[in-house]
Amino acid sequence: MSQYAGLAGAGGNAALCDLRSDTVTRPDAGMMQAMAAAELGDDVFGEDPSVNRLEAVLAERLGKDAALFLPTGTMSNLAGLLAHCQRGEEIITGAGYHVHAYEAAGASVLGGIALCPVPVRADGALDPGVVAGAVKADDSHLAISRLLSLENTHNGLAVPLADMSAAAEAGRAAGLSVHLDGARFFNAITALGCAETDLAGLTDTVSVCLSKGLGTPAGSALVGPADLIARARRWRKMLGGGMRQAGVLAAAGLYALEHNTARLAEDHARAEELAGVLRGLGAGEVSQATNMVFFTPVDGRNDALRAHLAAKGVVIGGGSTGAIRMVLHRDADDSALAQAVQALRRFYG
Ligand SMILES: *Cc1c(COP(=O)(O)O)cnc(C)c1O
C-alpha cells in the first residue's frame, strides 16, 4: 500500500502534523513573496534569470561546472543516468536505492540501460568489495558496466564521507563514473557536518531535491561537469521537463537555499526527540537517522494506531504491517510534535 493511501478525512489542510514525508511542506510567506517577485523568462531559451541564477548558485555551492533545474528528483536522476550511459550499458546501484527501487526502471525503459542492483549495507552504504565484484568483465555476453549510482541520505541514514569515498573509488578503479542521488543532500551535509563540496566532490554528478526538507513546491537540480549537464539538458527536453517561466519555482529554490538548509538540524533534533518518546513507550522497534523515524509496533496494530492518530490530526504513512515511517520537516514545528507525542502516549498509555 502506498504511504499516501488510506488517509481520507485526515489529510490536506486539516492535518495538524503530517509526518508522511518531508514532501508535504508548503511554501511559507517569505518563499511565496520571493516567487511573486521572481524575474522570469523562457528557460527553454535559457532566458529565465531566476533559473539561471539558481543553476549558478548550486554549481558554485557544490563545486561543479554547471547545474540543470528539473521538475522532480526522479527526472533529475533519470536525465543524469541517461547522460552518463548509452544503450547496452549498466548502472550498479543499491537494491533499495530510489534509482533502482522507486523510479519505475526509467533508465531501462527509456534508455536501454540495465540496472544492476547490489545489497545495501545496514548503514546505508555500498560495500566497496561488492561494488568491485559487480563490475562486469569486457565480454560480449555481458552488459557494459558504466556508472555507479550512490544515495545519501538513504532511509534517513547519512552515509559518512569515508564510506561514500570507498565505494566511489571501487567504482572508479573499474572505470565507472559515479552519480549521487542526493534527494536529501542537505540533510546529509547537516548530519555529517561537512562542507557541501566535500560530499559533492566524491561523485561526478549530484541530484538534489529542493521540494523535500527545503520546502519548495517543486524542483530538483542535477549538478556536474559541463559536458554531462549539456547532454542532460537535451534529455530534459526529450523527457518533457523543459519548463518555460520556471523562475517562479527557481526563486523558491533560491529562497530555500538561503533560508532553509541551516534549519534542517531542527528537523533532525525533533526526529531524535520523537524516537526517544517512542522508545520510552516500549511499544515497538525504533530507529532514527536525520529527519526520519522508523517505528515497528510490536502489537502489529498499525492500522488502529494510524486511525487513532488521524483522529487527532496527526498523519503517518506506512502499510498495515511492518515499519511506520515518520518524517520531520519544516511544517512540523514543536507544537505539531507535541500533538503527535500526546496522541502516541494516549494510544499506548
Ligand atoms: C524523493 C526521492 C527521489 C525523487 O524525487 P521526486 O521529486 O519525488 O521525483 C529520488 N531519490 C530519493 C532518495 C528520494 O528520496
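The values are calculated or read from the model by the stated rules, or taken from the named source; none is laboratory data. Being a predicted model, the structure only gives us computed values, none of them experimental. Cβ placement follows ideal geometry from the backbone for every residue including glycine, while neighbour counts extend to all protein chains displayed. Surface areas here come from the heavy atoms of the whole protein model, side chains and all, with no ligands, DNA or RNA. Shrake-Rupley method; radii C 1.70, N 1.55, O 1.52, S 1.80 Å.
Tabulated results
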quantity	calculated
Over the stretch 48-106, volume per residue of the alpha carbon convex hull, in Å³	112 Å³
Where K212, K237 fall by accessible area, highest first, once all protein chains stay in place (1.4 Å)	K237, K212
Mean Cβ count within 10 Å, highest first, over the residues of peptides 99-106, 15-22	15-22, 99-106
Area projected by the alpha carbon convex hull of the stretch 176-257, averaged over all directions, nm²	6.0 nm²
Relative contact order [Cα under 8 Å, 6+ residues apart], the stretch 29-259, whole percent	31 percent
M243, M292, M32, M238, reordered so the largest accessible area comes first (probe 1.4 Å)	M238, M32, M243, M292
Burial order of peptide ranges 75-83, 338-346 (average beta-carbon count within 10 Å, highest first)	75-83, 338-346
Compactness of the chain as Cα Rg over 2.2 N^0.38 Å, two decimals	1.00
1.4 Å probe accessible area per residue over the stretch 243-304, in Å²	41 Å²
1.4 Å probe accessible area per residue over the stretch 1-158, in Å²	44 Å²
Global form of the stretch 75-157, assessed from the alpha-carbon gyration tensor, a/c cut-off 1.5	oblate
Percent carbon-and-sulfur accessible area, the stretch 29-259, ignoring ligands, DNA and RNA, probe 1.4 Å	54 percent
Residue pairs, from the table K212/K312; K64/K212; K136/K212, whose Cα atoms sit over 27 Å apart	K136/K212
Between the stretch 154-179 and the stretch 81-144, the Cα center-to-center distance that results, in Å	13 Å
Helical contribution to [θ] at 222 nm, DSSP H n ≥ 4, -39,500 (n - 2.57), averaged over the chain, rounded to 500	-12500 deg cm²/dmol
The stretch 72-124, relative contact order in percent, only Cα pairs under 8 angstrom and at least six apart counted	40 percent
